[in-house]
Amino acid sequence: MSENKEYSFFQSVERSFDKASKFTSWEQGILEQIKACNSIYSMRFPVKMDDGHIEVIEAYRVQHSQHKSPCKGGIRFSMAVNQDEVMALAALMTYKCAIVNVPFGGAKGGIKISPRSLSTYELEKITRRYTSELVKKNFIGPGIDVPAPDYGTGEREMAWIVDTYQSLKPGEIDAAGCVTGKPISLGGVRGRKEATGLGVFFGVREVCLMEDVMKKQGLTLGIANKKVVVQGLGNVGYHSAKFFRENGAIVVSIAEFEGAIYNETGLNEEDVFQHRKKTGSILNFPGATNLKNSGDALELDCDILIPAALENVIDGNNAPRIKAKIIGEAANGPLTPEADDILAAKGVLVIPDMYLNAGGVTVSYFEWLKNLSHVRYGRLEKRFTENANINILNQIEELTGKKVTESEKEIIAHGPDEIDLVHSGLEETMINATREIMDIWKANPSIPDMRTAAYVCAINKVGTSYAELGIFP
Ligand code: GLU
């Protein structure tokens, strides 16, 4: 990964915003309010480490916008965390939620630690202390600000957060909604884990089903047989690769920080994952060629490139060498503004992060709704739907004198489980968002790229919401 020297991450987001705001008609004051980070909580707290020494931990929570409540966004654990990064990611959350019609403001949290080099006990202490700092300042709660997993965090950390919150707020009936991405047993929703990867797949698939767009990119319609390169085998990369492969694409290369592997006949992400777990490296996977330099994978000849790791991995240096026809930004901010300009000039279609990876927050929204309603999705209607379907089928069989097989009967009768409803809600969300952005772009051909169209979509929605809220005197 190379450093983006010219602009900080937050400045890059502001730059993209300014580029898009020219295609809207909001007055300057509204635009400035949409852009601004409303609340920034920078904290330091001491933690006694396993060897007895005291470490001062640097951490943040940024609430970019409260145009809708609560604020929403993940918490990342990484040594690269700094205030500017958290601000940028919080801003992207505001725009992301607006585009996919998830009624939240944007937020993000970060703790500057290297989770791999800490013990589980140390991580638990840091996470719990961070949560209690958030509680003290009223920076967390089901109606205030709802964290979630991000880079370096997952279900385990969310479990520590909800437990800490509940112990500090006894009797709060909706406390489970203070964080999402929880284990199912603690109020999580089925389908959250794969949500971002599945959302990436749904978004890219929708673009690949647009005849005019595919013609322009010189590609055939649909996902089948498209050559895909995935950077990152974390939760997002793994699941993106899985859904592309299951739907007929050929995942020719997977990259991780230690290197990348290539096989033109396709890689199975689960086998690669197991190989990495066993050997400690993605390299030397049976049947695949090693690429020693992880970044080389980004420059491979392919149809679709999915950067699903960290920000700024494609910049002014390597952008001219990118051969993919479509880039699906699964990570947050994988392209620098220079890369954006170079790729747009080359005719590469960049499907932007801030809506393409919105699957996570969309399903988080479903989890939060589940927590507030205190009932599992499908519990009320599953059996009813099954009975209704069986009745209709029985009638058809009686009227036609023909019978379907038992397995067909099962498929027809099936009433929705939680996972079915979550996946279909996500599919609907991603398809609608893709079409909405493309319609904005088509309606105004002077908009230079899809990211700008997505920003226009976001600015108009947040602008409307600020305008309707009214401005306090
Ligand atoms: N961290 C994820 C994101 O960047 C998910 C956020 C959430 O679920 O609130 O979109």
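The values are calculated or read from the model by the stated rules, or taken from the named source; none is laboratory data. The model shown is predicted, which means the values in this text are computed figures rather than measured ones. Neighbour counts are summed over all protein chains in view; Cβ atoms, including those assigned to glycine, are modelled from backbone coordinates with ideal geometry. Ligands, DNA and RNA are stripped out before the accessible areas are found, and what is left, the full protein with its side chains, is counted by its heavy atoms. Shrake-Rupley method; radii C 1.70, N 1.55, O 1.52, S 1.80 Å.
The table below gives the values:
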{"item": "Whole-angstrom gap from the range 402-432 to the range 1-74, using each part's C-alpha centre", "result": "39 Å"}
{"item": "Computed [θ] at 222 nm, deg cm²/dmol, the chain (DSSP H ≥ 4; -39,500 (n - 2.57); rounded to nearest 500)", "result": "-14500 deg cm²/dmol"}
{"item": "Mean shadow area of the chain over all directions, Cα convex hull, nm²", "result": "26.1 nm²"}
{"item": "Hz values of 3J(HN,Hα) by residue in the range 412-420 - Karplus curve (6.51, -1.76, 1.60), Gly and Pro given as x", "result": "5, 6, 2, x, x, 8, 4, 4, 5"}
{"item": "Karplus (6.51, -1.76, 1.60) ³J(HN,Hα), θ = phi - 60°, over the range 374-383, in Hz, Gly and Pro reported as x", "result": "6, 8, 6, 4, x, 4, 7, 9, 3, 5"}
{"item": "Leading residue at positive end of dipole, the range 1-119 (Cβ point charges), from 45, 33, 99", "result": "99"}
{"item": "Total charge dipole magnitude, the range 337-473, about the Cα centre, Cβ charges on Lys, Arg, Asp, Glu only, Debye to nearest 20", "result": "200 debye"}
{"item": "Values of log10 I(q)/I(0), in the order q = 0.24, 0.26 Å⁻¹, for the range 89-129 under a Debye, Cα-only, solvent-free model", "result": "-0.72, -0.77"}
{"item": "Accessible surface, per residue, of the chain when the full set of protein chains is kept, probe 1.4 Å, Å²", "result": "43 Å²"}
{"item": "Amide H contacts under 5 Å for residue 350, placed H, 5+ residues apart", "result": "327, 450"}
{"item": "Estimated Rh, the range 363-473: Kirkwood, alpha-carbon pairs, angstrom", "result": "18.3 Å"}
{"item": "Given charges at beta-carbon only (K, R positive; D, E negative), |dipole| of the chain in Debye", "result": "440 debye"}
{"item": "Gyration tensor (alpha-carbon) shape descriptor, the range 350-413, a/c threshold 1.5", "result": "oblate"}
{"item": "The range 137-201: relative contact order in percent, alpha carbon pairs under 8 Å with at least 6 residues between", "result": "33 percent"}
{"item": "Under the Karplus curve 6.51 cos²θ - 1.76 cosθ + 1.60, θ = phi - 60°, whole-Hz ³J(HN,Hα) for the range 208-215, x wherever Gly or Pro sits", "result": "6, 9, 8, 4, 4, 5, 5, 4"}
{"item": "Relative contact order of the chain, defined on C-alpha pairs under 8 angstrom at six or more residues apart (%)", "result": "16 percent"}
{"item": "Order by protection proxy (mean Cβ within 10 Å, highest first), peptides 82-88, 213-219", "result": "82-88, 213-219"}
{"item": "Relative contact order of the range 1-157, pairs being alpha-carbon contacts under 8 Å that are 6 or more residues apart, as %", "result": "25 percent"}
{"item": "Among 358, 345, 395 the positive-end extreme of the charge dipole of the range 310-395 (Cβ point charges)", "result": "395"}
{"item": "At 0.692 mPa s and 37 °C, Stokes diffusion of the range 39-124 via Kirkwood alpha-carbon radius, µm² per second", "result": "240 µm²/s"}
{"item": "Peptides ranked, highest mean first, by Cβ atoms within 10 Å: ranges 262-271, 180-189", "result": "180-189, 262-271"}
{"item": "Surface share of carbon and sulfur [accessible, 1.4 angstrom probe, percent] for the chain", "result": "53 percent"}
{"item": "Average silhouette area of the range 120-172, convex hull of alpha-carbon atoms, in square nanometres", "result": "3.6 nm²"}
